Amino acid sequence: MKALRHEARAACGFVERNVNLVKRYWVMEVVWLIYSMANALSVTFIGAGMKQISGQDVNVQRLTLYLLIGTLVWQYLSVVFELVSETIQFERWEGTIEYTLMAPISRFTHLFGATLFSLGYGFLQTALILAVVAGFFHLDLSGANLFGAALVLLAASVSFSGLGVVGAILPLLFPERGVQVVFVIQSVLLVVSGVYYPVTVLPHWMQPLSHLSPATYVLQGMREAILDGAPVVALLPAIGRLFLIGAVLLPGGVWLFGRAERFARRTGRLKRSG
């Protein structure tokens, strides 16, 4: 029990440290928040202006909400993925990689603390963006299943946390190119997951890739819950897939990270620069 309390305090310590990093670089955080708000508004205004663009009668309310769901969900998922996958790179930037990896805590505790912070920070950022966007658009959520949407988002948090842990291995093994590869993976997920369009409009050879992305199931579930008011029973397939992905990636990612860390120690890759 004492060991468990020690690990819990250590995980909270990583959360606190990341909060302090946000305070230190608050100007950049504000800049990125403003950019994210502008991006969300720009994409949502596409839906609002589609009737004028196409010259045809379209359901502007549904299209606007469709695009907004994609924007907000992707904002949340990308923040979670980035913060978890760049955990080691943050240590390099701060010059603390040796101290962190030599600390008397399990690697699970380290990654769990980073994940907790990413979930809280991602939710806070997304909530702020939603508050701003809601001031520009009248959002009719009277028929939405918000409880079902919350369950989908919970399952999404688990699956993308696992994906982020797997992604964190790349900066560990490749100090100079790992972060760039993580960004490439994130970009591919953006294209194939149907963030702003149905995956059925993708070329046939790309559509199978969408089934490999957990973001595809998150977006499908969220849109079914909010746009169509689908009951929880109808959302269970998407929720089940997301929890299954998380159940595989989270423990598997921690295990792979441990092996990658031992390899990095042997080959001298735990350096501050890179």
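The values are calculated or read from the model by the stated rules, or taken from the named source; none is laboratory data. Owing to the predicted nature of the structure, the values given are computational and were not obtained by experimental measurement. Methodologically, a virtual Cβ is constructed for each residue, glycine included, from the backbone with ideal geometry; neighbour enumeration extends over all protein chains shown.
The rows are residues; the columns are (1) in a loop (DSSP other than H, G, I, E, B); (2) over 25 Å from SER159 (Cα atoms); (3) within 22 Å of the chain's Cα centre (by Cα); (4) of a type in the set (A, V, I, L, M, F, W, C).
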site: ARG17; (1), (2), (3), (4): no, no, yes, no
site: GLN56; (1), (2), (3), (4): yes, yes, no, no
site: ILE69; (1), (2), (3), (4): no, no, yes, yes
site: GLU82; (1), (2), (3), (4): no, no, yes, no
site: ILE88; (1), (2), (3), (4): no, no, yes, yes
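With PHE108, PHE112, PHE81 as the choices, which residue is closer than 26 Å to GLY258 by Cβ and touching a Leu at 6+ places or on another chain (Cβ under 8 Å)? Let's see the steps before the verdict.
Working: PHE108 fails: touching a Leu at 6+ places or on another chain (Cβ under 8 Å); PHE112 fails: touching a Leu at 6+ places or on another chain (Cβ under 8 Å).
Within the list PHE108, PHE112, PHE81, the selection yields PHE81.
Go through (1) over 23 Å from VAL254 (Cβ atoms); (2) within 17 Å of the chain's Cα centre (by Cα) and name the single condition ALA215 misses.
Of (1) over 23 Å from VAL254 (Cβ atoms); (2) within 17 Å of the chain's Cα centre (by Cα), only one is false for ALA215: (1).
Taking the residues in the range 139-148 that are farther than 30 Å from CYS12 by Cβ and touching a residue at least 12 places away in the same chain (Cβ under 8 Å) as candidates, determine which candidate is surrounded by the most Cβ atoms within 10 Å (Cβ to Cβ). I'd like the intermediate steps shown before the answer.
Taking the range 139-148 and keeping what is farther than 30 Å from CYS12 by Cβ, we get 139-145, 148.
Within this subset, residues satisfying the condition of being touching a residue at least 12 places away in the same chain (Cβ under 8 Å) are 139-141, 143-145, 148.
On the way: LEU139: 16, ASP140: 11, LEU141: 12, GLY143: 9, ALA144: 18, ASN145: 21, GLY148: 24.
Once the filter is applied, the top-ranked residue is GLY148.
Output the qualifying pairs, or none if there are none: Cβ atoms under 7 angstrom, residues six or more apart or on different chains, first residue in the range 160-187 and touching a residue at least 24 places away in the same chain (Cβ under 8 Å), second residue crowded, with 20+ Cβ neighbours inside 10 Å and among the acidic types (Asp, Glu).
PRO171/GLU86; VAL179/GLU86; VAL182/GLU86
Restricting attention to the range 43-50, does a residue exist that is within 30 Å of LEU146 (Cα to Cα), in a helix (DSSP H, G or I) and within 15 Å of the chain's Cα centre (by Cα)? If you could, list the steps in order and put the result at the bottom.
First pass over the range 43-50, keeping only residues within 30 Å of LEU146 (Cα to Cα): 43-50.
From what is left, the residues that are in a helix (DSSP H, G or I) are 43-48, 50.
Retained after the next criterion (residues that are within 15 Å of the chain's Cα centre (by Cα)): none.
Within the range 43-50 (the criterion being within 30 Å of LEU146 (Cα to Cα), in a helix (DSSP H, G or I) and within 15 Å of the chain's Cα centre (by Cα)), the answer is no, since none of the residues qualifies.
Counting just the residues of the range 111-138 that are surrounded by 15 or more Cβ atoms within 10 Å (Cβ to Cβ) and either out of contact with any helix residue (DSSP H, G or I) (no Cβ under 8 Å at 6 or more places or on another chain) or aliphatic (A, V, I, L, M) (or both), which one comes out nearest to SER42 (Cα to Cα)?
Filtering the range 111-138 for residues that are surrounded by 15 or more Cβ atoms within 10 Å (Cβ to Cβ) and either out of contact with any helix residue (DSSP H, G or I) (no Cβ under 8 Å at 6 or more places or on another chain) or aliphatic (A, V, I, L, M) (or both), the one nearest to SER42 (Cα to Cα) comes out as VAL133.
Looking only at the range 191-208, count how many residues are surrounded by fewer than 17 Cβ atoms within 10 Å (Cβ to Cβ), in contact with a helix residue (DSSP H, G or I) (Cβ under 8 Å, 6 or more places away or on another chain) and not in a loop (DSSP other than H, G, I, E, B).
2
Assess whether GLY122 counts as being at pLDDT 90 or above and either under 18 Å from PHE81 (Cα atoms) or outside any helix (DSSP H, G or I) (or both).
Taking the combined requirement at face value, the residue satisfies it.
Under the condition of being more than 17 Å from LEU124 (Cβ to Cβ) and not charged (D, E, K, R), which residue from the range 15-38 is surrounded by the most Cβ atoms within 10 Å (Cβ to Cβ)?
Taking the candidates together, the pick is ALA38.
Looking for something surrounded by 20 or more Cβ atoms within 10 Å (Cβ to Cβ), of a type in the set (Gly, Ala, Ser) and touching a Gly at 6+ places or on another chain (Cβ under 6 Å) - is there at least one such residue anywhere in the range 224-241?
Within the range 224-241 (the criterion being surrounded by 20 or more Cβ atoms within 10 Å (Cβ to Cβ), of a type in the set (Gly, Ala, Ser) and touching a Gly at 6+ places or on another chain (Cβ under 6 Å)), the answer is yes, since at least one residue qualifies.
MET28 - would you say it is in contact with a Leu (Cβ under 6 Å, 6 or more places away or on another chain) and more than 21 Å from GLY162 (Cβ to Cβ)?
no
If I filter the range 142-190 down to residues being part of a loop (DSSP other than H, G, I, E, B) and not polar (S, T, N, Q), which single residue comes out as farthest from PHE117 (Cα to Cα)? Give the steps one after another, and end with the answer.
As a first pass, look at the range 142-190 and keep what is part of a loop (DSSP other than H, G, I, E, B): 142-145, 168, 174-177.
Among the residues that remain, those that are also not polar (S, T, N, Q) are: 143-144, 168, 174-177.
Values: GLY143: 32, ALA144: 29, ALA168: 15, PHE174: 24, PRO175: 23, GLU176: 25, ARG177: 25 Å.
Within the range 142-190, the match that is farthest from PHE117 (Cα to Cα) is GLY143.
Determine whether GLY47 is touching a Phe, Trp or Tyr at 6+ places or on another chain (Cβ under 6 Å), surrounded by 14 or more Cβ atoms within 10 Å (Cβ to Cβ) and over 30 Å from LEU270 (Cβ atoms).
In short, no.
If only one of SER213, SER187 is of a type in the set (Ser, Thr, Tyr) and surrounded by 17 or more Cβ atoms within 10 Å (Cβ to Cβ), which one is it? Before the answer, list the steps.
Details: SER187 fails: surrounded by 17 or more Cβ atoms within 10 Å (Cβ to Cβ).
Being of a type in the set (Ser, Thr, Tyr) and surrounded by 17 or more Cβ atoms within 10 Å (Cβ to Cβ) holds for just one of SER213, SER187, which is SER213.
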